[in-house]
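The values are calculated or read from the model by the stated rules, or taken from the named source; none is laboratory data. Only a predicted model underlies this, so the values are computations on that prediction, with no experimental measurement involved. Positions of Cβ are backbone-derived with ideal geometry, glycine not excepted, and every protein chain shown enters the neighbour counts.
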Amino acid sequence: MKKITIAIDGYSSSGKSTMAKQLAKKIGYVYVDSGAMYRATTLYALRHGMTSRETGVDTAALVAALPDIHISFTLAPDETQHTLLNGEDVEKEIRGMEVSGWVSPVAVIPEVRHYLVKLQQSYGNDKGIVMDGRDIGTTVFPDAEMKVFVQASPEVRARRRYEELIEKGTPSDYDAVLANIKERDHIDTTRKESPLRKAEDAFVLDNDNLSREEQMEVLVKLFDEKTRG
Ligand code: CDP
C-alpha cells in the first residue's frame, strides 16, 4: 500500500495529539508532535532568561540562539514518545503551565517558525508520517494526502486538559486552564505568520460529542479512502 502524509491541525487541547498518536500506532506510521517542538524552544527561552513579564520574549536573543537548540524525540520504556531538548528529556516540563503561558508568543516569531517548519518537513521526506499542530496542512505539508481539522468547544477542551494535568500530578486550576486556552486560540488564529486555520481541503472533525473510539473509526475510514486504489 502506498504511504501517505497525514496532517492533523486544530485548536489547543482539542485532542489532536491523542488522536494522531493512536492513528499512527494503528497504521504503523511515525508520529511527530510539532507543538512539542514549539514547547521545547519555549523552555529553552525560559531557562536562558529570554522572557520577561514587562517586555515579553527577547526575540533577538532567541533567534540568535536557534542554532543551539536541538530537538529530537525518543521512545520511553513505556512506549510513549518523549521530547528531548539538547539531549535532555524535557517531556514533563514542556507540558506545564509556565511553558503553556509562553509558547504562543514564542510561536509567533517568524524565524522560530521557519527553523522548526524546516525540521518538520525533513521528517516527512519518506512519507508514512502523522504530524499534528496548527499549520501542518497549510504550511508544513500543503500537499498532504489526508488533512484533518479538529475542533471542540473551549470548555470541553479546558476540562480535558485540566483532567490530564491532574492525572499527571500537576496541581491545576480549571479557570486558569480555560483562560490559557482562550488566550492561545486568540494568538494562534490572529498571528501574521501561518495562523491557525482550516486548509481548504481538510476534513473537519468536531469531537465535542465523540468518544475516542468513534473518532478513531472516522479517521481510519478516511485513511482507507485515501490509500485505496
Ligand atoms: O497543548 P496543545 O495541544 O494545545 O498545544 P500544542 O500542540 O502542544 O502547541 C502549543 C502551542 O505551540 C500552540 O498553542 C501554538 O501557539 C504553537 N504551535 C504552533 O504555532 N504551530 C504548530 N504547528 C504547533 C504548535
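Below, the figures for the structure above:
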| quantity | calculated |
| --- | --- |
| Search result, residues across the range 100-113 that are within 13 Å of the ligand (Cβ to nearest atom) and exposed (fewer than 15 other Cβ atoms within 10 Å of the Cβ) | 110 |
| Residue in the range 121-131 that is under 26 Å from residue 221 (Cα atoms) and within 10 Å of the ligand (Cβ to nearest atom) present | yes |
| In the range 192-225, residue nearest to residue 11 (Cα to Cα) [restricted to those that are surrounded by 14 or more Cβ atoms within 10 Å (Cβ to Cβ) and among the β-branched types (Val, Ile, Thr)] | 218 |
| From 170, 189, residue being under 25 Å from residue 219 (Cα atoms), modelled with pLDDT under 95 and surrounded by fewer than 18 Cβ atoms within 10 Å (Cβ to Cβ) | 189 |
| Selection status of residue 13, within 12 Å of the ligand (Cβ to nearest atom), of a type in the set (Gly, Ala, Ser) and in a helix (DSSP H, G or I) | no |
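The rows are residues; the columns are (1) charged (D, E, K, R); (2) in contact with a Leu (Cβ under 9 Å, 6 or more places away or on another chain); (3) more than 10 Å from the ligand (Cβ to nearest atom); (4) closer than 21 Å to residue 164 by Cα.
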| position | (1), (2), (3), (4) |
| --- | --- |
| 50 | no, yes, yes, no |
| 54 | yes, no, yes, no |
| 80 | no, no, yes, yes |
| 85 | no, yes, yes, no |
| 98 | yes, yes, yes, yes |
